[in-house]
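The values are calculated or read from the model by the stated rules, or taken from the named source; none is laboratory data. Everything quoted here is computed from the prediction, not taken from an experiment. For neighbour counting, all protein chains shown are included, and Cβ atoms are generated from backbone atoms with ideal geometry for every residue, glycine included. In case anyone asks, the SASA skips ligands and DNA or RNA and just uses the protein heavy atoms, side chains included. Shrake-Rupley method; radii C 1.70, N 1.55, O 1.52, S 1.80 Å.
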Amino acid sequence: MSTPLLSVSNLSTSFFTSRGEVKAVRGVSFELRAGEILGIVGESGSGKSITCMSLMGLLRSSGRVIDGSALFEGRDLLTLDEDELSALRGNDISMIFQDPMTSLNPTLTVGEQVIETILRHRKVTRAAARARAIELFELVRIPSAAKRLRSYPHEFSGGMRQRVMIAIALACDPKLLIADEPTTALDVTIQRQILALLKELQGRLGMAVILITHDLGVIAETADRVLVMYGGMVMEEGPVRELFARPSHPYTRGLLASIPDLRDDTHHRLTPIPGSPPDMLRPPKGCPFAPRCAHAMAQCNAALPPLYDAGPVHRARCWLHHPQAPRVAGITAELVPA
Amino acid sequence: MTDRMTDQTVAIEIAPEMWVPATRDGAAAEYIAAPSLTFWQDVRKRLWANKPAMLGLGFIILLVLAAIFGPMLSRHTYFEQDLKLSNVPPLFQTYAVTDSAGATTRFFFNSGNLNLYEVTPSGEVAGLLRPAKKDLIKKQQQFKFGDREVVLDTAKQQLSFADGAALAPGGWQWNMSNLLGTDQLGRDVLARQLYGARISLTVAFVATLVNFFIGVFYGGLAGYLGGKADTIMMRIVEVISTIPLTLYVILIMVVFNSGFLSVVLAIGSVYWVDMARIVRGQILTLKQQDYVAAARTMGASTPRILVRHLLPNSVGPILVTLTMLIPSAIFIESFMSFIGLGVTPPEASWGTLTSEAVETLRAYPYQLFFPAAAISLTMFAFNFLGDGLRDALDPRLRT
Amino acid sequence: MTAYVVQRLLLMLVTLFAIITLTFFLMHAVPGGPFTSEKMLQPEIQAALNAKYHLDDPLWLQYLNYLRGVLSLDLGPSFKYAGMSVNEIIAEGLPVTMKTGALALICVVALGVPLGIVAALNRNRWPDTLVMVIATIGVAVPSYVIATVALYVFALRLGWVPTFGLDDWRGYFLPVFALSGFWISFIARLARSSLLETLQQDYMMTAKAKGLKRGTVLFKHGLRNSLIPVVTVLGPVVANLLTGSFVIEQIFALPGIGRHFVLSITNRDYTAIMGITIFYAAVLMVMIFIVDMLYLVLDPRIKYRADAK
Ligand SMILES: Nc1ncnc2c1ncn2[C@@H]1O[C@H](COP(=O)(O)OP(=O)(O)OP(=O)(O)O)[C@@H](O)[C@H]1O
Ligand code: SF4
Ligand SMILES: [Mg+2]
């Protein structure tokens, strides 16, 4: 097995607020191979963004990584100092955010915002950086690229701004691109264009991608592997086909069940499972999903379930996978007892 | 990889009763939700937790009570003069002289006007002591206490007996007849201070109220009418807000002459622009919201919609603007009084009190303390309360 | 861009016109009219005034005449100082007021903004607390209190600076300090909260995520955006420095326009009151126009919005 590009283990991040410690991420582990697209899905507040921000060293001041490691090409991202990290950001690892309307600086031309990234990481002249910026704009299909470099963000539509963000992210040929809900704020038709563009560029440039989304439909179309997060933890993990064919966690099943038909493009949004996610100030000591889970057992409230194998490359964090647990159709029925 | 191995080893024995369906109660008990508060309960909680704001509020309440009841309880009035007892300090060092008959006289020396004042045993100022003889050339005054004689050297500001032995001062004594002393016309500073608070606060509250009504009316009308009328009305507001308003308060004061009513009118008619903007903005946003349309289709009348739906939603920003307007009004009033355009003597406001104190700054610097402290503390109080309110209403802004 | 400049210029002219009109009619609303004094005037002055202002003319004609005078930069004769024109009064006081005002404005920007930045960058640590405590005092204590206390302590007790006048360069300290104290505090608070808000913006996260150096993130991306609200209030700041000079010039006995203005109020010198008000307003309008242009440079969105209209 080749060594993965990124190997995260037991990542835990908390926010220390006036109300107490918010345990936003609790022991997340995953691996990412070069050129792979990993989807992370989960309801709002499940810790998807904070997981990625922790890797990038971009937590706001009250947030701290309290445990874990994240090996990227043999270096632990979590122990790098600010200088080393900033040399990596936008260069080897870059990031796209959810809202293109607010993630570009309104008082600088978009060209400048691309060029400054190139100049930060490459020893090239300004003219060369400009040429590269034009090339990038053409790559992300912004029409009349050379002219548009001089425009300000407010002169672009949301979709075009997201293309600018992608151009910035790709400026230095990153090995890993983190896209945090890159299409959530966009119109449906624009969403598809941006996703298609991302997927195409990924194929062309061969970088690895972490794609965060609420939308299982997006995952199904784009990702190779999926991480389902809930309450700051990985609830289920596996290849897309496998996970969609045999969801092995009640939460994942809930997510899937809330989509009427995967082939019907209009309703990819999650309709929420009844109840709300746990308060991360006081996370339950057992399974975080227990208050909302139809299968919850006494054991679920008593202790946190470990990650069980649900297949060769498929894992799920649910007591139902314990050998002594009652079998539940659809989740553990097909499971061969250990 | 190691992670997964350890996970699998957790396949420990688990008691069979643990596999029964969880009771919902158990689950609910495990998951303690934060109590959900209504918006205003939340605001009150946050405001309550904000110490400077609560301190400010407490101070304001005390101040209002003092302004209402203080003048009633005071022994003195704000206008009654006693030129013989002018510029008496609140605190002084007493001297005592006993004559051979055993009669003791206590008195203190006012270095500002070089007078001696007799003091009763309880600390009240009994009156001015008249010198028996004045020697203007040697700058000496002689005072007789029965058969004893005390010489006041006004140049050296020293007191001595006739034989040259210096008088030793006794202890410090608080002025019991005028707790904060008297001003240059011998009026009681405390009474004037309380009365000044009454005037300053009344001007501020009434002027703010006038601004409030004009602003709500103007902004409400603009927002409600919308379209062309709104555009024109807001252009006018834009023009007004570029005008230096203090100048206009001054001009209005010049036209109406000084006095309490003109101050209220001048301040009240000028600072409503922010209020108008806020109200209009709120009304415009709320007009587009579904529940207003719903109320309308259900046949609610316009005033009813305004009162039931629009205003409650604008209360927050309006409240903040009001708490910020009150100290500005206090400040403008005192500013006007300071340059001689405020209330007319003998009426007092914190502004006139300050400017009177400035006149005697060289001789009696302490007289500046009370009006300056009163106005500054009040400013603090309103500022803290306003900041606190804003934070409580919009926690996102808390910095 | 042109649309924006024209729009601002127009607003400035309209406002100035409104001010002249308002001032004129306010002063003519004084019971008995602006030129009938409590004291009897010498007949020849009365005649001169009558001649100058055509006082027997209907009000609208007087108004048009005054407007014409203002347009040709002639604010008319002083009503109380025989032989002196309002222009001369202003010319006499202008250098003093300009010097203290300009110094105060420089202090406001040069001290207020850095203090705010230091506070924001050290949020909830001691420099922040210190700046905020001082700034809170600065906005709560009225300028005339600061002025008199400073006068008493530094001039009367310590004798470090003269008690009045500007003949000695040290004479500038207290007036400028008293004049700018409130606005330094105000700008410090504003700059702090504005920078804190800017630091929370998504594009700051983008700038960091691009790997930009900390200084670039802060100065290139943060500061410029956070200064926009600060620039917006500079117009009102100038207005308030001007009106603030009324008391400050009185306390420190400075022969500036503010002192003349207060004097003309006390003397009921209506032409002077009118003229100085209009002069102030004109200065202010020009300052606001400059600020608007500055705004244009700082925020490209303005130009776009104005052109879109
Ligand atoms: N600055 C912060 N201070 C305190 N808690 C925070 C902060 N930022 C995030 N959190 C907490 O961390 C948890 C995870 O947040 P995160 O942003 O990772 O969620 P997410 O899965 O990305 O959700 P979304 O889909 O809404 O983006 C949330 O419960 C949130 O309350
Ligand atoms: S562990 Fe229990 S509560 Fe949690 S998902 Fe599995 S069955 Fe539901
Ligand atoms: Mg997120």
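For chain A, with all protein chains present and a 1.4 Å probe, just round the carbon and sulfur fraction of the accessible area to a whole percent.
Here it works out to 54 percent.
Ranked by accessible surface with a 1.4 Å probe, highest first, in what order do C:Lys210, B:Lys134 come? Numbers along the way, then the final one.
Values: C:Lys210 10, B:Lys134 130 Å².
Result, largest first: B:Lys134, C:Lys210.
Where does the range B:43-135 land on the Kirkwood hydrodynamic radius, alpha-carbon pairs, in angstrom?
By the Kirkwood definition, the hydrodynamic radius is 17.5 Å.
On the full set of protein chains, 1.4 Å probe, figure out the accessible area of C:Arg123 and give it in Å² to the nearest 10.
About 90 Å², ignoring ligands and nucleic acids.
Under a point-charge model restricted to the Cβ atoms of Lys and Arg (+1) and Asp and Glu (-1), what is the dipole moment magnitude of chain B relative to its Cα centre, in debye to the nearest 20?
Computed about the Cα centre, the dipole is about 940 debye.
Can you give me the relative contact order of the range C:176-267 as a percent, contacts being Cα pairs under 8 Å and 6 or more apart?
29 percent
Straight distance only, please: which aspartates and glutamates reach the Cα of A:Lys175 with their own Cα at less than 17 Å, same-chain residues fewer than 8 apart left out?
Qualifying aspartates and glutamates at Cα under 17 Å: A:Glu31, A:Glu36, A:Glu73, A:Asp76, A:Glu84, A:Asp92, A:Glu200, A:Asp224.
Based on the alpha-carbon gyration tensor of the range B:168-302 and its eigenvalue square roots a ≥ b ≥ c, which shape applies: rounded if a/c is under 1.5, prolate if not and a/b is larger than b/c, or oblate? Write down the numbers at each step before the final one.
Numbers: a/c = 4.19, a/b = 2.45, b/c = 1.71.
Verdict is prolate for the range B:168-302.
Using only protein heavy atoms and a 1.4 Å probe, how much accessible area in total is buried between A and B, to the nearest 100 Å²?
What A and B bury together is about 2300 Å².
Could you tell me which residue out of A:Gln98, A:Gly45, A:Ser29 lies farthest along the dipole of the range A:25-149 toward its positive end? Charges go on the beta carbon: Lys and Arg +1, Asp and Glu -1, centred on the Cα centre.
Toward the positive end, the furthest listed residue is A:Gln98.
Could you check the spin-label model distance between A:Asp81 and C:Asp74? Points 7 Å from the Cα along Cα→Cβ, value in nm.
It works out to 7.5 nm between the two label points.
Computed FRET efficiency, Cβ-Cβ of C:Ile134 and A:Ala127, R0 56 Å: what is it to the nearest 0.05?
0.70
Would you work out which of B:Phe217, B:Ala373, B:Tyr78 lies farthest towards the positive end of the dipole of the protein assembly as shown? Charges go on Cβ: Lys and Arg +1, Asp and Glu -1.
B:Phe217
Which angle between 0 and 90 degrees, to the nearest 10, do you get for helix A:126-139 versus the longest principal axis of chain A when only C-alpha atoms count?
Rounded to the nearest ten degrees, it is 50.
Quick one: accessible area per residue over the range C:185-309, 1.4 Å probe, rounded to a whole number of Å²?
That works out to 34 Å² for each residue.
Less than 27 Å apart at the alpha-carbon level, and either on another chain or at least 8 residues along: which lysines does that give for C:Lys80?
C:Lys39, C:Lys52, C:Lys99
Might you work out the accessible area of A:Val22 for me, using a 1.4 Å probe with all protein chains in place, and round it to the nearest 10 Å²?
About 40 Å², rounded to the nearest 10.
Can you give me the relative contact order of chain A as a percent, contacts being Cα pairs under 8 Å and 6 or more apart?
It comes to 19 percent, rounded to a whole number.
When the solvent-accessible surface of protein heavy atoms is calculated with a 1.4 angstrom probe, in what order do A:Met53, C:Met293 fall, highest first?
C:Met293, A:Met53
Treating only the Cβ of Lys, Arg, Asp and Glu as charged (+1, +1, -1, -1), what charge dipole size does chain A show about its Cα centre? Round to the nearest 20 debye.
Magnitude of the dipole: close to 300 debye.
Once ligands and nucleic acids are excluded and a 1.4 Å probe is used, how much of C:Asp269 is accessible, expressed in Å² to the nearest 10?
In the full protein context, C:Asp269 sits at about 0 Å².
Run the helix sum for chain C: -39,500 (n - 2.57) per DSSP H stretch of 4+ residues, divided by residue count, reported at 222 nm to the nearest 500 deg cm²/dmol.
Values: 12 runs with 221 residues, N = 309.
Taken over chain C, the calculation gives -24500 deg cm²/dmol.
Nearest 0.05, what FRET efficiency do C:Trp169 and B:Glu359 give at R0 = 25 Å with Cβ-Cβ as r?
Taking R0 as 25 Å, the efficiency between C:Trp169 and B:Glu359 is 0.35.
What distance in nm separates the simple spin-label points at C:Arg157 and B:Phe205, each placed 7 Å from Cα in the Cβ direction?
Result for the modelled spin labels: 3.6 nm.
Show me the helices of chain B, taken as full DSSP H stretches, that run 20 Å or more along their long axis by Cα and average 1.0 or above in Kyte-Doolittle hydropathy.
Within chain B the helices that satisfy the rule are B:51-73, B:189-225, B:311-338, B:369-393.
Please identify which residues in the range C:79-116 have an amide N closer than 20 Å to a label point set 7 Å out from the Cα of C:Glu44, following the Cα→Cβ vector.
Residues C:79-86 fall inside that zone.
Quote the relative contact order of chain B in percent (integer), defining contacts as alpha-carbon pairs under 8 Å separated by 6+ residues.
That works out to 19 percent.
Please identify the helices of chain C, taking whole runs of DSSP H, that span at least 30 Å along their own axis as judged from the Cα atoms and have a mean Kyte-Doolittle score of 0.0 or higher.
C:2-28, C:86-121, C:173-199, C:224-251, C:270-298
In what order, largest first, do C:Thr15, B:Thr105 sit by accessible area if the probe radius is 1.4 Å?
B:Thr105, C:Thr15
Provide, for chain B, the number of lysine pairs with alpha carbons under 26 Å apart, each pair being eight or more places apart or on different chains.
14
Determine the calculated [θ] at 222 nm for chain A from helices alone, applying -39500 (n - 2.57) to every DSSP H run no shorter than 4 residues and normalising by the residue count; nearest 500 deg cm²/dmol.
About -8500 deg cm²/dmol.
In a Gaussian network model over chain A where Cα atoms closer than 10 Å are linked, find which of A:Gln299, A:Gln113, A:Gln202 has the largest mean-square fluctuation.
Sorting by GNM fluctuation, first place goes to A:Gln299.
Of the options C:Pro236, B:Tyr117, B:Met18, report the single residue whose Cα projects farthest towards the positive end of the charge dipole of the protein assembly as shown (beta-carbon charges: Lys, Arg +1; Asp, Glu -1).
So the residue we want is C:Pro236.
B:Ala96 versus A:Arg204, label points 7 Å from Cα toward the beta carbon: distance in nm?
Result: 10.2 nm between the two label points.
Could you give the dipole magnitude of the protein assembly as shown about its Cα centre, charging the beta-carbon of Lys and Arg +1 and that of Asp and Glu -1, in debye to the nearest 20?
Using Cβ point charges on Lys, Arg, Asp and Glu, the protein assembly as shown gives about 760 debye.
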